[in-house]
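Scroll down for the structure; my scribbles are underneath it.
The values are calculated or read from the model by the stated rules, or taken from the named source; none is laboratory data. Bear in mind the structure is a predicted one, so any value in this text is a computation, not a measurement. Neighbour counts run over all protein chains shown; Cβ positions are idealised from the backbone, glycine included. All accessible areas refer to the heavy atoms of the entire protein, side chains included, with ligands and DNA or RNA removed. Shrake-Rupley method; radii C 1.70, N 1.55, O 1.52, S 1.80 Å.
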Amino acid sequence: MAKTGTTTQGLRAAIERSGYYPALVAEAVEAAVGGEPVASYLVHQETTFDSNEVRRHVTVLVLTDTRFIVSHTDEQAADTSSPTPYATTSTESVKLDRISSVVVSRVVANPEKYVPGTLPREVVLTIGWGAVSRLDLEPAACGDPNCEADHGYTGSSTADDLSLRVSEAGDGPDTVRQTLAFAQALSEATAATAATGR
């Protein structure tokens, strides 16, 4: 389930509608947002299965005029550190000029029959700001198939701070539409920040 919008009141209502520890999530997000007006937001709740346990997770993305805020809240079963179940919530505030990439991957069924404006079957939103990078290395080689020299390594570094996947089948068409709307708002905000240099 995802909700998106453009007001602080709407953000609070979307967090409450998610039903996932709304008081805890709202307090953490509102503290991170502070007094800034909300330009856009996305609330996405997902359920995962880990061995014999069902785990819930909520991600809240908020865009203000100057920052991108991401909040994650996870629930944990009782363990050796806590005799009762508990939740962990974290927020990160990123200045818009630090956002290095906003990647929107769309999966479309029957691409030969695609009509502009048709919703994708699945969307993956990946946002990078340099906090987490993935480095993929492999042995380098030259064009000579008989060469036995050590050419070192080659690879690529990918910004991978946040990746959020939604699908029409699992989350519904509104969630796909809302994720695309938030991605567009974030892309436009980062482009405007780059153009003005603020």
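If you go through region 166-180 and keep only what is open to solvent by 50 Å² or more (accessible area, probe 1.4 Å) and of a type in the set (A, V, I, L, M, F, W, C), you end up with just Ala169. Contact map, region 18-45: first residue without any contact (Cβ under 8 Å) to a residue 60 or more places away in the chain and under 20 Å from Ala189 (Cα atoms), second residue surrounded by fewer than 18 Cβ atoms within 10 Å (Cβ to Cβ) and basic (Lys, Arg), Cβ cut-off under 9 Å, separation 6 or more or different chains; pairs are Val43/Arg17. Restricting the search to region 42-59, which residues are out of contact with any Lys or Arg (no Cβ under 8 Å at 6 or more places or on another chain) and either open to solvent by less than 70 Å² (accessible area, probe 1.4 Å) or in a strand (DSSP E or B) (or both)? Residues satisfying the conditions are His44, Asp50, Glu53, Val54, Arg55, Arg56, His57, Val58, Thr59. Does Phe49 satisfy being at pLDDT 90 or above and of a type in the set (Phe, Trp, Tyr)? When the stated conditions are applied, Phe49 does not pass them.
Scan region 21-77 for residues that are over 24 Å from Gly128 (Cα atoms), of a type in the set (Asp, Glu) and in contact with a Pro (Cβ under 9 Å, 6 or more places away or on another chain) and jot them down. Within region 21-77, just Glu75 meets the criteria.
Summed over region 60-73, residues that are surrounded by fewer than 17 Cβ atoms within 10 Å (Cβ to Cβ) and touching a Lys or Arg at 6+ places or on another chain (Cβ under 8 Å) total 1.
Report, by residue number, each residue of region 164-198 that is among the hydroxyl-bearing types (Ser, Thr, Tyr) and either part of a loop (DSSP other than H, G, I, E, B) or at pLDDT below 90 (or both). Residues satisfying the conditions are Thr175, Thr193, Thr196. Taken over region 14-29, residues that are closer than 23 Å to Val94 by Cβ and either of a type in the set (Val, Ile, Thr) or surrounded by fewer than 18 Cβ atoms within 10 Å (Cβ to Cβ) (or both) amount to 5. Is it fair to say Thr91 is of a type in the set (Ser, Thr, Tyr), part of a strand (DSSP E or B), crowded, with 17+ Cβ neighbours inside 10 Å and under 17 Å from the mean Cα position of the chain (by Cα)? Yes, satisfied.
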